[in-house]
């Protein structure tokens, strides 16, 4: 789960966006590539009783590495930032806007290139309509072929942050891909499938024949500004 912090939400006292009883922060640190740096940063956050909700390690071949945190705590931002800067190997600390505020919820579309492109057309058009109203819905695509590649990608989706729904777009999918779909659905991920040959449509939450409409329905299913409930449409075909 991602926290919801923003630089714009900092008050005069340097607090982040208040979520419940604690403020939420997003911090990007530039660090030297050396052993113990992650331990040093997390120790500071633990000392401030911060609840870390997301961590991202960002390596660069031509410059210093970065470590990004999202967390919530009762500490003042200035004191926390100062203690993070004091960690050996930390070069820079910046309070920033959280990924959830910038990119929000994610729809992932994978499968054959032509079908993926058509689903993305519908999803991007619909996401634009909701984002104008204040949503933050992003659309990710990955053209893939082959049972092993697709099954591995499906299983990996649940390890990505902020992904709310997966669309499988292709002409034929089954076997281990269908087993992977069942596994991620058990973990709470919703899956829409195009109407295709193979066993994947039998295990998806919803089957849609038109790829553009599949993209539209995927975004509607996760948008707070829409009234489409995918659970009420479960196992239907359109």
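Residues in segment 129-146 that are in a helix (DSSP H, G or I) and touching a helix residue (DSSP H, G or I) at 6+ places or on another chain (Cβ under 9 Å) were compared, and the one that is surrounded by the most Cβ atoms within 10 Å (Cβ to Cβ) is 130. Every condition in (1) out of contact with any strand residue (DSSP E or B) (no Cβ under 8 Å at 6 or more places or on another chain); (2) more than 27 Å from residue 149 (Cβ to Cβ) is met by residue 122 except one, and the failing one is (2). Filtered by the rule that a residue be modelled with pLDDT of 90 or more and assigned to a loop (DSSP other than H, G, I, E, B), segment 63-95 gives 63, 64, 86, 87, 88, 89.
Restricting attention to segment 107-128, which residues are outside any helix (DSSP H, G or I) and either modelled with pLDDT of 95 or more or in contact with a helix residue (DSSP H, G or I) (Cβ under 6 Å, 6 or more places away or on another chain) (or both)? Listed by number, the residues that qualify are 107, 108, 109, 110, 111. Within segment 57-102, restricting attention to residues that are free of Cβ contacts under 8 Å to residues at least 24 places away in the same chain and within 18 Å of the chain's Cα centre (by Cα), the residue that is surrounded by the most Cβ atoms within 10 Å (Cβ to Cβ) is 58.
Please enumerate the residues belonging to segment 162-190 that are in contact with a helix residue (DSSP H, G or I) (Cβ under 8 Å, 6 or more places away or on another chain), assigned to a strand (DSSP E or B) and surrounded by fewer than 23 Cβ atoms within 10 Å (Cβ to Cβ).
Answer for segment 162-190, where residues must be in contact with a helix residue (DSSP H, G or I) (Cβ under 8 Å, 6 or more places away or on another chain), assigned to a strand (DSSP E or B) and surrounded by fewer than 23 Cβ atoms within 10 Å (Cβ to Cβ): 163, 164, 190.
The values are calculated or read from the model by the stated rules, or taken from the named source; none is laboratory data. Everything numeric here is computed off the predicted structure, so don't read it as measured data. Cβ: placed from backbone, ideal geometry, glycine included. Neighbour counts: every protein chain shown.
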